[in-house]
Amino acid sequence: VDPPSEETDELADEQRAKEVAKRTYERSVAVTKEVVGSIRMGRSASVKKVKRAVQGIVDQVLSNEVSLMGLTTIRDYDEYTFTHSVNVCIFAVAMGKRLGLGRLQLFDLGLAALLHDVGKSRVPLEILTKHGALNDDEWQIMRSHPWLGVLTLFGLRGYGEVPYRGMIVAHEHHMKADLSGYPKAIRPRQLSVFSKIVAVADGFDAATTRRTYQTVPLQPDHVLREMWENPRRGLDAVLVKALINLVGIYPVGTCVILDTYEVAVVHAANADPTQIHRPVARIVLGPEGQRLAPAPLVNLADVTEEGAFRRSIIKVTDPARWGITPGDYFV
């Protein structure tokens, strides 16, 4: 019997990493759902479980960021409230890692990010799940969720200390860098860097997800461009750049057409920052339109012996047009 090849070992390691990431993600969604449900019912929520979930996310981002980042592409329409909070936590912690934050700081950031929208647990469900635009009264109630979040965090049992950072993030994450957002600032203030990071992560995940009032999500590359170029977003430009460096110009889960007539799903940003426009991708459909299983992983920065790129992206495409669900390639 021949010894197992290195390729076999790599596949096994990748599969194990996927399983760990999936368990971490599912546990975090379940905990978020439990906490929001408890608060909505007027019961006390278990903060210990939240802390354990955040610790799992931090550990996973530090050990195998790619596997967990891929799971943010699983857009569960019915579970949006919970998956959104977990996705924002993952993006925020991964950005914090890129910015050089230590493990304890990443834990504080992750905890604040996971609970940034906890005030929505006090917003009536008929407003949260309403199809179509909100009227003025409903919009006012929705805009109250930042300070309702602060009140909710004050009431949570199990914190060894008052979670000031989490309260500040819950209060500030819609304020915008120029304070033109909500709630309105009474006096001039400098937003917390954690609030700015969560605002960027929140804006990216919200815009790329189908919701009750946004049935057609934007393609991830368009969202990044708009976040970078539109000053009305009120986001910190340095942190938007950090997000672009993290997810690449073509973020994880983006469906692209290649010059080889193949269709691929972006798997990860290129580790080489000079090749940020050439991500690692999975070839899902072959040149004849045939579905490939398993979908081979290719680095779009690979070149031929003559020095020409083997594959290049022609354009981004809507995965639904090809019957592709990007999240399927990360579970």
Would you be able to tell me the number of residues in the range 225-243 that are open to solvent by less than 40 Å² (accessible area, probe 1.4 Å) and modelled with pLDDT under 90?
0
With respect to residue 252, is the statement that it is in a loop (DSSP other than H, G, I, E, B) and of a type in the set (Val, Ile, Thr) true?
yes
Where residues in the range 75-134 are free of Cβ contacts under 8 Å to residues at least 12 places away in the same chain and not in a helix (DSSP H, G or I), which of them is farthest from residue 251 (Cα to Cα)?
102
Name the residue that is farthest from the chain's Cα centre (by Cα), counting only residues in the range 175-205 that are in a loop (DSSP other than H, G, I, E, B) and among the basic types (Lys, Arg).
187
In the set 316, 284, 303, 331, the lone residue that is in contact (Cβ under 8 Å) with a residue 40 or more places away in the chain and open to solvent by 50 Å² or more (accessible area, probe 1.4 Å) is 331
Output the number of residues of the range 282-331 satisfying the condition of being of a type in the set (Val, Ile, Thr) and part of a loop (DSSP other than H, G, I, E, B).
5
Condition first: within 19 Å of residue 42 (Cβ to Cβ) and of a type outside the set (Phe, Trp, Tyr). Can you find one or more residues in the range 92-114 that meet it?
no
Cβ pairs under 6 Å, 6+ apart, first in the range 12-39 and among the aliphatic types (A, V, I, L, M), second open to solvent by less than 70 Å² (accessible area, probe 1.4 Å) and outside any helix (DSSP H, G or I)
35/45; 39/45
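The values are calculated or read from the model by the stated rules, or taken from the named source; none is laboratory data. In this text, all values refer to a predicted model and were calculated from it rather than measured experimentally. When we count neighbours, we look across all protein chains shown, and the Cβ atoms used for this are built from the backbone with ideal geometry, even at glycine. Heads up: the accessible areas ignore ligands, DNA and RNA and are worked out on the full protein's heavy atoms, side chains in. Shrake-Rupley method; radii C 1.70, N 1.55, O 1.52, S 1.80 Å.
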